[in-house]
Amino acid sequence: MKQVIAFADEFGNNSFKFKTESTHFIIAAVIVNYADLPEFYEKVEYIRKKYFQTGEIKSSKIKDNHKRRELILNEIVELKFNVYSVVVDKTKLFGEGFKYKKSFYKYLNGILYKELFKTFPKLELKVDEHGGNDFMLEFKNYVQQNHIRTLFEGSEFLVNKSHNELGVQVADLFAGTLGYIFDEHKKSDYSNKFMEII
């Protein structure tokens with residue numbers, strides 16, 4: 001039986017137009033012990049209803065309302081989970097492969113996935129769906145071939161639309177918040193405060 005479930009989402013994109021697009025690409029994984037999952041879901045749902053009513057928890061809905069982000073983060077961090085993230089400064093990336101969207105996403109997400117599957121051999125990993133169905137199918141096959149060593153180890157890689165998965169919504173919040181800490185277009189006087197909270 002799996003002991004741990006992780007939910008992952010991203011901030012940023014594969015563009016290298018740094019004057020108008022993100023300077024960083026960030027993948028955040030929220031890791032929850034299976035035993036803590038019912039309580040985690042219950043409390044996240046309470047926070048979702050309190051701050052987002054009928055909508056999902058999304059960093060992009062908070063935008064630069066830093067006081068609101070601070071309030072939400074202060075409640076979320078009280079829950080039982082860990083965060084593992086990869087923060088990539090795109091201005092430091094060199095290599096032909098990064099120019100291609102598929103290579104970019106596979107390589108950078110692969111950094112996080114490799115560590116997660118190595119650390120937790122029986123991991124269930126749920127990620128937010130992005131791109132078209134063909135891309136996600138190819139991406140899923142790539143992860144299974146390159147990061148889940150054998151199907152017999154009991155690891156799973158699942159793709160979910162974020163509105164169906166509260167854990168992915170929390171990962172979205174953390175990835176977006178890390179964007180407000182590191183990305184040159186998002187940094188503010190609140191960046192250090194956000195870092196202290198998380």
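Below are the figures for this structure:
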read-out	value
Extreme residue, positive dipole direction of segment 15-128, given options Ala35, Leu116, Val77 (C-beta unit charges)	Leu116
Most to least packed among 22-35, 80-93 [average Cβ atoms within 10 Å]	22-35, 80-93
Cross-link table Lys99/Lys187; Lys19/Lys63; Lys17/Lys118; Lys43/Lys106; Lys19/Lys49, entries beyond 28 Å C-alpha to C-alpha	Lys17/Lys118; Lys43/Lys106; Lys19/Lys49
Carbon + sulfur, % of accessible area of segment 23-115 - ligands and nucleic acids excluded, 1.4 Å	52
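The values are calculated or read from the model by the stated rules, or taken from the named source; none is laboratory data. Keep in mind the model is a prediction, meaning the values are calculated, not measured. Cβ atoms come from the backbone with ideal geometry, glycine included; neighbour counts cover every protein chain shown. To get the accessible areas, we keep the full protein, side chains included, count just its heavy atoms, and leave off ligands, DNA and RNA. Shrake-Rupley method; radii C 1.70, N 1.55, O 1.52, S 1.80 Å.
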